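For reference, the structure discussed in these notes is given below.
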Amino acid sequence: MISASWQRSLAANVDPDLHTAPTVFAADELSDLRERHPLHPMLPLLRETLLGFAEEAGHIMIVADAQGHILWCEGSKGTRGHAEDVGLAEGTLWSEDAAGTNGMGTALALNSPVTVHSAEHLVRTYHHWTCAASPIRDPDTGTTIGVVDLSGPIETVHPSMVALVSASARLAELDMLTRMHAQDEELRSRNMRHLIALRGEPGALLSQTGRVVAVEPYGLLSSRVDVSADRVELPDGREAVLEPLSDGYLLRIPRQRLVRRSVLSLSFLLPEPKVVLDGREVPISLRHAEILCALTLQGRLTADQLALRLYGERGNPTTVRSELHRLRAQLGPDVLATRPYRLTADVEADFLAVRAALKAADLPLAASRYRGSLLRRSEAPVVLAERDDLATSVRKALLQRGDGNALWTFTQTDSGEHDVEALEQLVKLLAPDDVRLALATARLRRLGQDD
């Protein structure tokens, strides 16, 4: 740790023979800096925790900001006099790139507690000193806002110094967290009426740093929102509006005008394919029906991928693009999008409905919706694969279940009318007085004679 700090310090051109740390702020400039610093309210707690030890051990307590500027330096009077001789005083800068390896600067560089003892300091002037320091983080943002340090002559060093300093830093963070929760509660009590006034419109109350204090509905937002502009784009793509409050923000998500999506209904289990767009039947060719089938089954596809699924290895993407151009002109750009090609309407397809009924184990519904082979005149590879798989799935489920009515419906389709096994099971299931028994028996006999 010390070696790496030395390397950083030397890379910043810190002179090991430096006599004193640089002074950045004059005494008359410090008052305003202290008043505005978030650690100012923590001084009583830090004094109570550290100052007694510091004075007894001949040490000084130092509090610096996140850049390493010393804002407060208190403790043993004798030690403070020696400290001022080497620039260990209010208004000086103790970052690594200004004063080399030291407790405050190295703690800030590593963002963790450190002890720098004697000759571990890069600058020889500080070899008679020992420093133990710990960064203090803002519980709201998680960023380091300063550092607390105990420094003193090497003769009075104590091994518990760094533990004591770390504990003091954590107590300060806990106190800031308690204050933050109190401020959040005050923000809610003062401004909840604004959230209620939205009357169901999504919104949130935010702290001045963008932390979500209250939100409606629950789960709408993550823990923090960027409040650097008056409009915010949320992770889901919606735009929110920020309205400043006295101690925070009201975030509103205006109701979006709903854009109704088109409904594309595909009936491809009929003898001839049928397409209905928003209640209007659209004349469709077999090739265009095959394209719609492929996009419905497999989602986003390029022209090359579609060519392979429609024509196999002999497919030509140029031909497919021409077909897609004509189909898009027929359906509209709001239904068929490009790059890649995809359907952007709500698709209702009879072959998907059969799949859904099979998944729900509703065989009567599956049988009623399966009205025949999928695009029965098509030879497209993607259609052939789905056609065979769908017919096999329906047949297998019906034979296993042994539902006479569902099986009768299946045998009236082109997939089941010549299915001997299905007809044989149907004959066994139908009652003797069922008129369908004679029809099924006659068809079974004809199939036997044909064989």
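The values are calculated or read from the model by the stated rules, or taken from the named source; none is laboratory data. These figures come from a predicted structure and were not determined experimentally. Neighbour counts are summed over all protein chains in view; Cβ atoms, including those assigned to glycine, are modelled from backbone coordinates with ideal geometry. Calculation scope for accessible area: heavy atoms of the full protein, side chains included, ligands and nucleic acids excluded. Shrake-Rupley method; radii C 1.70, N 1.55, O 1.52, S 1.80 Å.
Quick check: the distance between the Cα centres of region 11-31 and region 318-380, to the nearest angstrom?
With region 11-31 and region 318-380 each reduced to a Cα centre, they are spaced 74 Å.
Does anyone have the angle between helix 420-429 and the longest principal axis of the chain? Alpha-carbon axes, 0 to 90°, nearest 10?
Roughly 90 degrees between the two axes.
Net charge within 11 Å of Ala64 by Cβ-Cβ distance, Lys/Arg positive one each and Asp/Glu negative one each, not counting Ala64 itself?
Values: positive: none; negative: Asp65, Glu90, Asp149.
Every neighbour counted, the sum reads -3.
Under a 5 Å amide H to amide H cut-off, with H placed in plane at 1.01 Å, what residues pair with Arg137 once short-range neighbours are removed?
Ile145
Quick check on region 252-370: take the gyration tensor over C-alpha atoms, sort the square-rooted eigenvalues as a ≥ b ≥ c, and tell me if it's rounded (a/c under 1.5), prolate or oblate.
On the way: a/c = 1.67, a/b = 1.06, b/c = 1.57.
It comes out oblate by the Cα gyration axes.
For Gln67 and Glu216, FRET efficiency with R0 = 35 Å and r from the beta-carbon atoms, rounded to 0.05?
Numbers: r = 40 Å, r/R0 = 1.14.
The computed FRET efficiency comes out at 0.30.
Using r as the Cβ-Cβ distance of Arg321 and Ala385, and R0 as 22 Å, what FRET efficiency do you calculate, to the nearest 0.05?
On the way: r = 23 Å, r/R0 = 1.05.
With a Förster radius of 22 Å, E is 0.40.
Explain nothing, just the number: dipole magnitude of region 51-188 about its Cα centre with +1 on each Lys and Arg Cβ and -1 on each Asp and Glu Cβ, in debye rounded to the nearest 20. Intermediate results must be reported in sequence, preceding the final value.
Details: 7 positive and 19 negative charges, 51 e Å.
The dipole magnitude comes to about 240 debye.
Using the heavy atoms of the protein chains and a 1.4 angstrom probe, tell me the accessible area per residue for the chain in square angstrom.
Details: 22900 Å² over 451 residues.
Ligands and nucleic acids excluded, the result is 51 Å² per residue.
Kirkwood Rh, region 314-451, all Cα pairs: how many Å?
On the way: mean 1/r = 0.0575 Å⁻¹.
The Cα-based Kirkwood calculation yields 17.4 Å.
To make sure I understand the rule: partners must be lysines, Cα under 22 Å from the Cα of Lys428, and not fewer than 8 residues away in the same chain. Which ones qualify?
Lys396
Take Phe25, project a point 7 Å from its Cα along the Cβ direction, then tell me which residues of region 39-82 have their backbone nitrogen under 18 Å from it.
39-44, 46-47, 61-75
Taking all protein chains as present, what is the carbon and sulfur share of the accessible area of region 35-111, in % to the nearest whole number, probe 1.4 Å? Show your work: numbers first, answer last.
Details: 1360 of 2860 Å².
Summing carbon and sulfur atoms, their accessible area is 47 percent of the total for region 35-111.
If exposed means no more than 14 neighbouring beta carbons inside 10 Å and the site is in a DSSP loop, what's the longest run of the chain without any exposed GluC sites (Glu not before Pro)? Intermediate values should be presented prior to the final figure.
Numbers: sites that count: Glu379, Glu417.
Excluding the exposed sites themselves, the longest stretch runs over 1-378.
How much accessible area does Ser76 have with a 1.4 Å probe, in Å² rounded to the nearest 10?
20 Å²
Let me have the 222 nm mean residue ellipticity of the chain computed from DSSP H runs of 4+ only, each contributing -39500 (n - 2.57), with the sum over all residues rounded to the nearest 500.
Details: 17 runs with 195 residues, N = 451.
Theoretical 222 nm ellipticity from helices: -13500 deg cm²/dmol.
How many times 2.2 N^0.38 Å is the alpha carbon radius of gyration of region 166-313?
1.80
At 1.4 Å probe size, with the rest of the protein present, what percent of the exposed accessible area of region 244-299 is carbon and sulfur atoms? Kindly include the intermediate steps, with their values, before the conclusion.
Working: 1500 of 2890 Å².
Its accessible area is 52 percent carbon and sulfur atoms.
Could you give the angle, 0 to 90 degrees to the nearest 10, between helix 286-298's Cα long axis and the longest principal axis of the Cα atoms of the chain?
40 degrees
Give me the number: length gained by fully extending Ala197 to Asp15, i.e. 0.36 nm times residue separation minus the C-alpha to C-alpha distance, one decimal in nm. Each step should come with its number before you reach the end.
Details: separation 182, 0.36 × 182 = 65.52 nm, distance 6.27 nm.
59.3 nm is the gain from fully extending Ala197 to Asp15.
For the chain, report the convex hull volume of the alpha-carbon atoms normalised per residue, in Å³, without decimals. Walk me through the numbers before you get to the answer.
Values: hull volume 128.8 nm³, N = 451.
Spelled out: Cα convex hull of the chain, divided by residues, is 285 Å³.
State, as an integer percentage, the relative contact order of the chain based on alpha-carbon contacts under 8 Å between residues 6 or more apart. Write out the running numbers ahead of the final one.
Details: 754 pairs, mean separation 38.7, N = 451.
Averaging sequence separation for qualifying contacts and normalising by length gives 9 percent for the chain.
If one takes the longest principal axis of the Cα atoms in the chain, at what angle in degrees, from 0 to 90 and to the nearest 10, does the Cα axis of helix 350-359 lie?
For 350-359 against the chain, the angle is about 70 degrees.
With the cut-off at 1.5 for a/c, could you classify region 1-153 from its C-alpha gyration tensor as rounded, prolate or oblate?
Details: a/c = 1.43, a/b = 1.21, b/c = 1.18.
Because its axes are fairly even, with a/c under 1.5, region 1-153 counts as rounded.
Test of understanding: extend the Cα→C-beta vector of Val241 to 7 Å, then name every residue of region 189-204 with backbone N under 20 Å from that spot.
What the label zone holds, given the 20 Å backbone N cut-off, is 191-204.
Please identify every one of the trypsin sites (Lys or Arg not before Pro) in region 134-230 that sits in a loop by DSSP and has no more than 10 other beta carbons within 10 Å of its own beta carbon. List each step's numbers first, then the result.
Values: sites: Arg137, Arg170, Arg179, Arg188, Arg190, Arg193, Arg199, Arg211, Arg224; in loops: Arg199.
For trypsin sites (Lys or Arg not before Pro) across region 134-230 that sit outside H, G, I, E and B with at most 10 neighbouring Cβ atoms in 10 Å, the list reads Arg199.
For region 370-451, with only Lys/Arg (+1) and Asp/Glu (-1) charged at the beta-carbon, what is the dipole magnitude about the Cα centre, in debye rounded to 20?
Details: 12 positive and 14 negative charges, 32 e Å.
Using Cβ point charges on Lys, Arg, Asp and Glu, region 370-451 gives about 160 debye.
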